[in-house]
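Reading through the structure tokens given below for one structure.
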Ligand code: HT7
Ligand code: ZN
């Protein structure tokens, strides 16, 4: 298939004043009538009239009331149209029951629902299905279900008017036997908004947290961004079969049940936190995505990067900024760095695609969010607020571009952002090499930036890198607070001197130098708060890392020092077959026992780098990672940590118990995180006795899965696995956990076998994306199991991807990224993975989605 190019953008030749849709629902034969008022777009080049349409049976079409016979192809239709305003009408028939791709109108366990982003609306009716065509919609739904929902405000049963012009990708319809859990919100200007979460009967007791998160999101967007909600009602629907997390359709958000339904008994702390973030994310899209949308899909980061940044700010405000920043960076490194350093690397704003669904990536979302964070750091908080106000004023109702976005920052702050724009077009993770010098009382930090070649782009120009730096004195006190250095050159040095105000960045404005005794060399804390999405390379001793772990005032860098130390220890164990370093073990004992630190922070500090992280680090240093060796080193280090920390662990485990009823709020969740971290280590000493007791006593899902995880990690827990199934086999969301835990925690040599037998289980409904991800994704996440030398993991995943690809290409293609790191490994593993990818590419129903992914990975 021909790629679509950013450079080829042209505006649609017509503007749409109104869309009227009528749905006559039937599972195998839904009729959709459309009436669209169009007029020539004076700003568009001359073109043939083309409407997208796929898998539609055209019954009839009319222009200005006259029957016509358009030319229909697999992708759409063309016909002659008047050179004046006209009305297009059509009736089509579609088959929601047969729609297993879950794009367009489909059925999920008897319920009708839609997913139109990115290009699903063309499977509902003929339409210019592109985000720059915005129009108000009126919808009438006829069907037997008691609940008939669409976008906008309700007008009558099954009738909805959405006054806000929107692109077709934000259209939604839901029909089913649903129950609402309701509340209301009064906006800052006094407007009452009805809030509903619609669920299947029986799920009503899992909506309270989502509703509360929604109200907090609405308030936060008013307080922090000055954005109010703009309809009379905000509906959320929980759907069991869904390709992603959730969708921000105007006034009718549709959620994967997993991302909205929660009760203490069925959802973990992590689930609650994720639900809060996703509810916020989809709600925030109302302004950043819906009121201001994207001109074309190349601009996806315009709405996604910004909305992720906003949901990260929100979660930080609701919980802990430090803990959230660490978690966001863990995610960025785990998913985006992996992508940016492999065959699927692409710019935050891609320049070509074959299938746009393949570009809803960590790069567009997470790196996109990092770019907003860097912009904010560069222009300051006030500059950021002014730029955002200008963005909303200037572009409300627009389908905008990254150029528009950067221009509001330039106009609001007077800065030239032309160099910053490279972040949007240059893929790859910059390496930031740092060295230090200390001479005549002047301390100098020198940096060199270098971004490795990425597919199709060998040479990179220097980018603007905000480097947040603080300096610590020998006694551990901070002698220079965080200062943002702006690196713009390939190589650049920054000098600091000791002044009457302490250490300051040298320059004309710097305070006067202190005369007298020469100062001591300070210790730098660099890239505080992870101020740029780069890999920092520097020579640093374990002792200095230990010093930073003890003294750094920046919580991110404090954690980062511990993480770097752990990485150093693991790499040394792997490459030099050494025993775990005592310095690291002592440092961890101190952190674990430091009750002045937030328990959630301590839990994160005790965690080890992922096996994937270590594999990438080995590969970067020119070595071939062996997944089994990495796994074994992790196990030894955990054993050593458990033995070294044992005296402290039981008191921590006891002290972190949360008395009283379960609460998902951050304080208790942090205590449980530390408690379960301690339990994981303790189980290595007590053979799982405490974990068994916790499992027995657990009255919430966090404790239940925490205990079971600790047992599975030491290859125990058979009885608990059975008990878990007996208790939860009727609950789809909880049963996903049961599948996922067993396979992701299986020993490397057993993982594929465990996955095989679970795939035979009667509850393995592979057509449900959540269940498929739990099992097949669970194996892919079990790094050493997936990469086991037998190749059984590769084969299992490939076989299932082939099977899924013919039913649900979007989810299958996303999961093919299990193979994206294939070039890191030894020749045997590379051969086996290549063979499996070639097998996928050769299957007889290969989708465009999967075809593009495999081509990019193999190229
Ligand atoms: N904007 C949405 C992205 C999306 C999606 C969601 C569900 C199913 C298929 C989808 N394709 C694209 C979700 C978001 O970023 O908020
Ligand atoms: Zn989004």
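The values are calculated or read from the model by the stated rules, or taken from the named source; none is laboratory data. Quick caveat: nothing in here was measured; it's all calculated off a predicted structure. As a convention, Cβ positions derive from the backbone with ideal geometry for all residues, glycine included, and neighbour counts pool all protein chains shown.
Here is how the numbers come out for the structure above:
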quantity: Residue, farthest from ligand 1 (Cβ to nearest atom), within segment 355-390, restricted to residues that are crowded, with 22+ Cβ neighbours inside 10 Å and over 22 Å from the mean Cα position of the chain (by Cα); calculated: 387
quantity: Exclusive hit being crowded, with 16+ Cβ neighbours inside 10 Å and assigned by TED's automatic domain parsing to the domain that holds residue 85, set 11, 46, 7; calculated: 11
quantity: Matching residues in segment 318-354 - criterion: being over 17 Å from the mean Cα position of the chain (by Cα), part of a loop (DSSP other than H, G, I, E, B) and under 20 Å from residue 820 (Cα atoms); calculated: 341, 342, 343, 350, 354
quantity: Output for segment 302-317, where each listed residue is away from ligand 1 (no atom under 11 Å from the Cβ) and out of contact with any strand residue (DSSP E or B) (no Cβ under 7 Å at 6 or more places or on another chain); calculated: 309, 312, 313, 314, 315, 316, 317
quantity: Elements of type strands (runs of 3 or more DSSP E) contained in segment 101-217, each with 1 or more residues being closer than 30 Å to residue 60 by Cβ; calculated: 104-108, 111-115, 135-142, 147-150, 153-156, 159-166, 173-176
quantity: Tally, over segment 109-128, of residues that are crowded, with 21+ Cβ neighbours inside 10 Å, away from ligand 2 (no atom under 16 Å from the Cβ) and under 18 Å from residue 23 (Cα atoms); calculated: 11
quantity: Test result for residue 357, assigned to a loop (DSSP other than H, G, I, E, B), touching a residue at least 60 places away in the same chain (Cβ under 8 Å) and more than 26 Å from residue 613 (Cβ to Cβ); calculated: no
quantity: Residue in segment 286-298 that is within 14 Å of ligand 1 (Cβ to nearest atom) and closer than 19 Å to residue 559 by Cα present; calculated: no
quantity: Selection within segment 247-266 - away from ligand 2 (no atom under 15 Å from the Cβ) and surrounded by fewer than 24 Cβ atoms within 10 Å (Cβ to Cβ); calculated: 257, 263, 264, 265, 266
quantity: Scope segment 244-281; condition within 11 Å of ligand 1 (Cβ to nearest atom) and more than 27 Å from residue 700 (Cα to Cα); matching residues; calculated: 247, 248, 249, 253
quantity: Residue count for segment 210-252, restricted to those that are touching a residue at least 40 places away in the same chain (Cβ under 8 Å) and in contact with a strand residue (DSSP E or B) (Cβ under 8 Å, 6 or more places away or on another chain); calculated: 24
quantity: Residue 276, sole failed condition from (1) part of a helix (DSSP H, G or I); (2) surrounded by fewer than 24 Cβ atoms within 10 Å (Cβ to Cβ); (3) more than 14 Å from ligand 2 (Cβ to nearest atom); calculated: (2)
quantity: Out of 548, 565, sole residue that is in contact with a helix residue (DSSP H, G or I) (Cβ under 9 Å, 6 or more places away or on another chain), free of Cβ contacts under 8 Å to residues at least 40 places away in the same chain and crowded, with 20+ Cβ neighbours inside 10 Å; calculated: 565
quantity: Condition met for residue 316 (without any contact (Cβ under 8 Å) to a residue 12 or more places away in the chain and either at negative phi or surrounded by fewer than 24 Cβ atoms within 10 Å (Cβ to Cβ) (or both)); calculated: yes
quantity: Which listed residue is in contact (Cβ under 8 Å) with a residue 60 or more places away in the chain, part of a helix (DSSP H, G or I) and surrounded by 22 or more Cβ atoms within 10 Å (Cβ to Cβ), from 813, 798; calculated: 813
quantity: Sole residue being within 16 Å of ligand 1 (Cβ to nearest atom) and in a loop (DSSP other than H, G, I, E, B), chosen from 241, 221; calculated: 241
quantity: Any hit, segment 295-303, residues being within 13 Å of ligand 2 (Cβ to nearest atom) and in a strand (DSSP E or B); calculated: no
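Matching residues to (1) farther than 28 Å from residue 351 by Cα; (2) in contact (Cβ under 8 Å) with a residue 40 or more places away in the chain; (3) outside the structural domain of residue 852 (by TED's automatic domain parsing):
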position	(1), (2), (3)
446	yes, yes, yes
450	no, yes, yes
453	no, no, yes
458	no, no, yes
466	no, yes, yes
471	yes, yes, yes
474	yes, yes, yes
478	yes, yes, yes
484	yes, yes, yes
